[in-house]
Amino acid sequence: MSTPAITALRRAGVRHTLHTYTTRPGDDMDRTYGEGVAADLGVEPGRVFKTLVVACDDTPHVAVVPVTTTLDLKAMARAVGAKRAVMVEPPLAERLTGFVVGGIAPVGQKSSLATIVDASAAEHSAIFVSAGRRGLQVEIAPDDLLTATRGRLASVAR
């Protein structure tokens, strides 16, 4: 089983563990989706992070935040030195990353986007992020995720 995200992690030599979870017909990307993933994995929901694509002054960026939170767009803009940030529409997020919504991974994207990981990730020895498709998550140390994405931490969730 491989995705561009898994390939990128292996090439970077980053330690990670793959986990599967059950997707259900009709699953949508509302707030309960991520919490359902956490329940299926048997982990605290605050350790499961979602990958969002955001336009900061029209430049696409990636935000990685816990599924139990929402992205603070003003904080995201400040974190990257922009005046404003807006969520990109799902079709554009899919084109930029090469992944489908609900399976967008922070690594292995079609376009390498600047990445901000919420500072709360540092509170955990490992977090879970998408491995590049629905039903598959990567357990990874926050520092290793930052290395793999060339990202940085900032408080961008509320």
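The values are calculated or read from the model by the stated rules, or taken from the named source; none is laboratory data. Because the structure is a prediction, the values reported are computed rather than measured. Virtual Cβ from ideal backbone geometry, glycine too; neighbours counted across all protein chains shown. Calculation scope for accessible area: heavy atoms of the full protein, side chains included, ligands and nucleic acids excluded. Shrake-Rupley method; radii C 1.70, N 1.55, O 1.52, S 1.80 Å.
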List pairs: first residue in the range 47-69 and more than 21 Å from ARG134 (Cβ to Cβ), second residue assigned to a strand (DSSP E or B) and modelled with pLDDT under 95 anywhere in the structure, Cβ distance under 8 angstrom, at least six positions apart or on different chains.
none
Check GLY36 against each of (1) buried (at least 18 other Cβ atoms within 10 Å of the Cβ); (2) closer than 24 Å to ALA148 by Cα and name the one condition it does not meet.
(2)
Could you figure out which of (1) open to solvent by less than 40 Å² (accessible area, probe 1.4 Å); (2) in contact with a Gly (Cβ under 7 Å, 6 or more places away or on another chain) isn't true of VAL65?
(2)
Would you mention how many residues in the range 120-135 are assigned to a helix (DSSP H, G or I), among the aliphatic types (A, V, I, L, M) and open to solvent by 10 Å² or more (accessible area, probe 1.4 Å)?
1
Taking the range 79-119 and the residues there that are polar (S, T, N, Q) and not in a loop (DSSP other than H, G, I, E, B), the one that is surrounded by the fewest Cβ atoms within 10 Å (Cβ to Cβ) would be THR115
With the structure loaded, tell me whether VAL138 is open to solvent by less than 30 Å² (accessible area, probe 1.4 Å), modelled with pLDDT of 95 or more, within 17 Å of THR70 (Cβ to Cβ) and assigned to a strand (DSSP E or B) or whether it fails that test.
no
Of (1) surrounded by fewer than 16 Cβ atoms within 10 Å (Cβ to Cβ); (2) within 19 Å of ASP118 (Cα to Cα); (3) at pLDDT 95 or above, ASP57 fails just (2)
The one condition ASP143 fails out of (1) in contact (Cβ under 8 Å) with a residue 60 or more places away in the chain; (2) in a helix (DSSP H, G or I); (3) of a type in the set (D, E, K, R) is (1)
